[in-house]
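Q: Pasting in a structure now, in structure tokens, and then I'll have a few things to ask.
The values are calculated or read from the model by the stated rules, or taken from the named source; none is laboratory data. If you're wondering where the values come from, they're calculated on a predicted model, not measured in any experiment. A quick note on method: Cβ atoms are made from the backbone with ideal geometry, for glycine too, and the neighbour counts reach across all protein chains shown.
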Amino acid sequence: MSAPKIIIAIDGYSSCGKSTLAKELARRLEYNYVDSGAMYRAITLYFLRNQVDISDHSKVLDAIANINLSFVFNDQDQRSDIHLNDENVEPYIRDMIVSEKVSEVAAIREVRSFAVGQQKRMGRKKGIVMDGRDIGTAVFPDAELKIFMTADPEVRVMRRFKEMYAVNNHISIDEVRHNLELRDYIDSTREESPLHRAADALLLDNSGLTREKQFDLVLGWVKDREPATTPNS
Ligand code: DC
């Protein structure tokens, strides 16, 4: 009999390895994984494609009304891809053009309430690992396990550079560093649900941790928080 499922909320700065950890946990625990950043990226892609003027409140609301987001399991890659109005937009949402705009779009109140509403619905049945910037503070303030991830800034720059260089060998380390610094700044100083550690979130600095060590540590935290199995569960 497996333990009753919980909600695991993972927050932290860009490129701290949140999604790697979240995906591994979801796979091992047979939970759903939701990359909330992918939702803000898909919304940003829609705004860019449709040249939505983000300074115009009513244009933003009209645009949101035309956006439908869903996660669709991709058998080939064994992961969920984000679909924007039924189009798989995974191949486009991590481009620099989206990365440069996403923090600005994610700071808009109407965008956040649209995304957060959908995220809360996804957690109704528990058994979910969600990563982002406000998951433990705004989306699931009652999550059974909250983790706030951090890592040395240069470690993060090199991680993101390697990821981006694999798809675009014109990218420079300076460009990546600048983008990360700017996003950290906007994400943690915006008015709407800024990135900050929830009082009850466990701090995880993985600068010097191997993936396996980190995983074992967090799995221990999960086991501590899972409710005891009852005969009827
Ligand atoms: O995790 P990521 O780098 O893919 O996220 C992209 C952007 O989306 C990030 O700069 C901030 C924003 N974001 C957010 O504001 N709230 C979330 N829950 C997730 C992401």
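Q: Would you check if there is a residue in region 154-170 being under 16 Å from the mean Cα position of the chain (by Cα), within 13 Å of the ligand (Cβ to nearest atom), assigned to a helix (DSSP H, G or I) and crowded, with 17+ Cβ neighbours inside 10 Å?
A: Yes, region 154-170 contains at least one residue that is under 16 Å from the mean Cα position of the chain (by Cα), within 13 Å of the ligand (Cβ to nearest atom), assigned to a helix (DSSP H, G or I) and crowded, with 17+ Cβ neighbours inside 10 Å.
Q: Only one of these is more than 10 Å from the ligand (Cβ to nearest atom) and not charged (D, E, K, R): GLN119, GLN78. Name it.
A: GLN78
Q: Go through (1) in contact (Cβ under 8 Å) with a residue 24 or more places away in the chain; (2) within 28 Å of ARG28 (Cβ to Cβ) and name the single condition ARG121 misses.
A: All conditions pass for ARG121, except number (1).
Q: Going residue by residue through region 185-194, is there one that turns out to be of a type in the set (A, V, I, L, M, F, W, C) and farther than 26 Å from VAL222 by Cα?
A: yes
Q: Shifting gears a bit: Could you check region 59-91 and list, in sequence order, the residues that are closer than 19 Å to ASP131 by Cβ and hydrophobic (A, V, I, L, M, F, W, C)?
A: LEU69, PHE71, VAL72, PHE73, ILE82, VAL89
Q: May I ask you to list pairs of residues, at least six apart or on different chains, whose Cβ atoms are under 8 Å apart, with the first in region 130-158 being closer than 18 Å to ASP187 by Cα and among the acidic types (Asp, Glu) and the second being away from the ligand (no atom under 11 Å from the Cβ) and assigned to a helix (DSSP H, G or I)?
A: Filtered contacts from region 130-158: ASP131/LEU21.
Q: Taking only region 177-213 into account, find how many residues are assigned to a helix (DSSP H, G or I), more than 27 Å from ARG41 (Cα to Cα) and of a type outside the set (Asp, Glu).
A: Total satisfying the criteria: 1.
Q: Condition test on GLY136, is it within 13 Å of the ligand (Cβ to nearest atom) and touching a Lys or Arg at 6+ places or on another chain (Cβ under 6 Å)?
A: In short, yes.
Q: Could you say which residue among VAL157, VAL116, VAL167, VAL72 is within 29 Å of LEU29 (Cα to Cα), out of contact with any Asp or Glu (no Cβ under 7 Å at 6 or more places or on another chain) and β-branched (Val, Ile, Thr)?
A: Selected residue: VAL116, the only one of VAL157, VAL116, VAL167, VAL72 that is within 29 Å of LEU29 (Cα to Cα), out of contact with any Asp or Glu (no Cβ under 7 Å at 6 or more places or on another chain) and β-branched (Val, Ile, Thr).
Q: Restricting to region 84-109, name every residue that is part of a strand (DSSP E or B) and away from the ligand (no atom under 16 Å from the Cβ).
A: GLU87, ASN88
Q: Further question on the same structure: Give, as residue ranges, the helices (runs of 4 or more DSSP H) completely inside region 1-66 that count at least 2 residues that are crowded, with 18+ Cβ neighbours inside 10 Å and of a type outside the set (A, V, I, L, M).
A: It comes to 18-29, 36-49.
Q: Tell me, please, whether a residue that is surrounded by 15 or more Cβ atoms within 10 Å (Cβ to Cβ), of a type in the set (D, E, K, R) and under 21 Å from LYS101 (Cβ atoms) can be found in region 191-212.
A: Within region 191-212, one or more residues are surrounded by 15 or more Cβ atoms within 10 Å (Cβ to Cβ), of a type in the set (D, E, K, R) and under 21 Å from LYS101 (Cβ atoms).
Q: With respect to GLU30, is the statement that it is away from the ligand (no atom under 13 Å from the Cβ), touching a residue at least 40 places away in the same chain (Cβ under 8 Å) and within 24 Å of VAL157 (Cβ to Cβ) true?
A: It is false that GLU30 is away from the ligand (no atom under 13 Å from the Cβ), touching a residue at least 40 places away in the same chain (Cβ under 8 Å) and within 24 Å of VAL157 (Cβ to Cβ).
Q: Could we say that ARG112 is part of a helix (DSSP H, G or I), at pLDDT below 95 and either within 10 Å of the ligand (Cβ to nearest atom) or small (Gly, Ala, Ser) (or both) here?
A: no
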